[in-house]
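Q: Dumping the structure here so I can ask a few things about it.
The values are calculated or read from the model by the stated rules, or taken from the named source; none is laboratory data. For clarity, every value in this text was computed on a predicted model and none was experimentally measured. Cβ atoms come from the backbone with ideal geometry, glycine included; neighbour counts cover every protein chain shown.
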Amino acid sequence: MNRRNIQIIKALVFILVIILIAVLIIKTPYLLKKKGYAVKKSGSKVLAPLFSVHSINYNGQIISLKDYKGKIVLLNFWATWCPPCRDEIPRLEKFYKLHKKDGFVIIGLSVNNQGKDYVFNFIKTFKGGILTYPVGMANYSIEKAYGNIYEIPQSFLIDQNGYVVKHITGEIPRGYLTYQFNKLKEAGHK
């Protein structure tokens, strides 16, 4: 190998190292999370921030978190363009229909920039209009109150007393909601 080839190789290695360092700096926060989803446990109980929004799919209805005290609430931030959100909607809908008689509620808050008419059309047409739990539009103050919603789907499980007991980033794993719901329901009966 001549001197010129060695210099070229050194330059390429240097460039690759710089690129690798840049990628690590950018990706470090994401690399620290579990792959796929992260379930954040809260060390102390935090009251769920209250909000009120107009329902998109129930004309004239106001969705107000304070109206659901005494119920177990899943607050789900989502968007129509989000593939993981679309994947979990049928599972959430099925769980909602099975357990709403047991005091379970899902509130969907869309983070779509296209507006409520666009989201309403999605709700009416997605998989034959299966989505029946109340859906509203998230706004900046709600997103900020819940710790800034930078990733979706993002869900907050709220107990019967209005406390956030679980924060899930990403799709809710299969079986996880059943486990948490049963745990909260049992704790509420004690």
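Q: List the pairs whose first member sits in region 49-68 and is closer than 19 Å to Ile123 by Cβ and hydrophobic (A, V, I, L, M, F, W, C), whose second member is in a loop (DSSP other than H, G, I, E, B) and at pLDDT below 95, and whose Cβ atoms are under 7 Å apart, counting only residues at least 6 apart or on separate chains?
A: Final answer for the pair search is none.
Q: Could you list, in sequence order, the residues of region 151-161 that are touching a Leu at 6+ places or on another chain (Cβ under 8 Å) and either crowded, with 19+ Cβ neighbours inside 10 Å or not assigned by TED's automatic domain parsing to the domain that holds Trp78 (or both)?
A: Of everything in region 151-161, those that are touching a Leu at 6+ places or on another chain (Cβ under 8 Å) and either crowded, with 19+ Cβ neighbours inside 10 Å or not assigned by TED's automatic domain parsing to the domain that holds Trp78 (or both) turn out to be Ser155, Phe156, Leu157, Ile158, Asp159.
Q: While we're on this one: Of the conditions (1) exposed (fewer than 14 other Cβ atoms within 10 Å of the Cβ); (2) of a type in the set (A, V, I, L, M); (3) modelled with pLDDT under 95, Leu50 clears all except one; give me its number.
A: (3)
Q: Name the single residue, out of those in region 121-163 being part of a loop (DSSP other than H, G, I, E, B) and of a type in the set (A, V, I, L, M), that is modelled with the lowest pLDDT. Explain how you work it out, then say what you get.
A: Keep residues of region 121-163 that are part of a loop (DSSP other than H, G, I, E, B), which gives 129-134, 138-139, 146-153, 159-162.
Next cut, of a type in the set (A, V, I, L, M) only: 130-131, 138, 149, 152.
Details: Ile130: 88, Leu131: 91, Ala138: 96, Ile149: 93, Ile152: 95.
Within region 121-163, the match that is modelled with the lowest pLDDT is Ile130.
Q: List the pairs whose first member sits in region 168-184 and is among the small types (Gly, Ala, Ser), whose second member is in a helix (DSSP H, G or I), and whose Cβ atoms are under 8 Å apart, counting only residues at least 6 apart or on separate chains?
A: So the pair list comes out as Gly170/Pro84.
Q: Can you confirm whether Lys166 is in a helix (DSSP H, G or I) and either of a type in the set (D, E, K, R) or closer than 21 Å to Tyr58 by Cα (or both)?
A: Values: in a helix (DSSP H, G or I): no; either of a type in the set (D, E, K, R) or closer than 21 Å to Tyr58 by Cα (or both): yes.
No; evaluated as a whole, the condition is false for this residue.
Q: For residues that are among the polar types (S, T, N, Q) and buried (at least 20 other Cβ atoms within 10 Å of the Cβ), scanning just region 58-110, find the one that is nearest to the chain's Cα centre (by Cα).
A: Applying the first criterion (among the polar types (S, T, N, Q)) to region 58-110 yields 59, 61, 64, 76, 80, 110.
From what's left, buried (at least 20 other Cβ atoms within 10 Å of the Cβ): 76, 110.
Values: Asn76: 5, Ser110: 10 Å.
Top of the filtered list is Asn76.
Q: Please tell me if Asn148 is within 21 Å of Leu65 (Cα to Cα) and surrounded by fewer than 19 Cβ atoms within 10 Å (Cβ to Cβ).
A: yes
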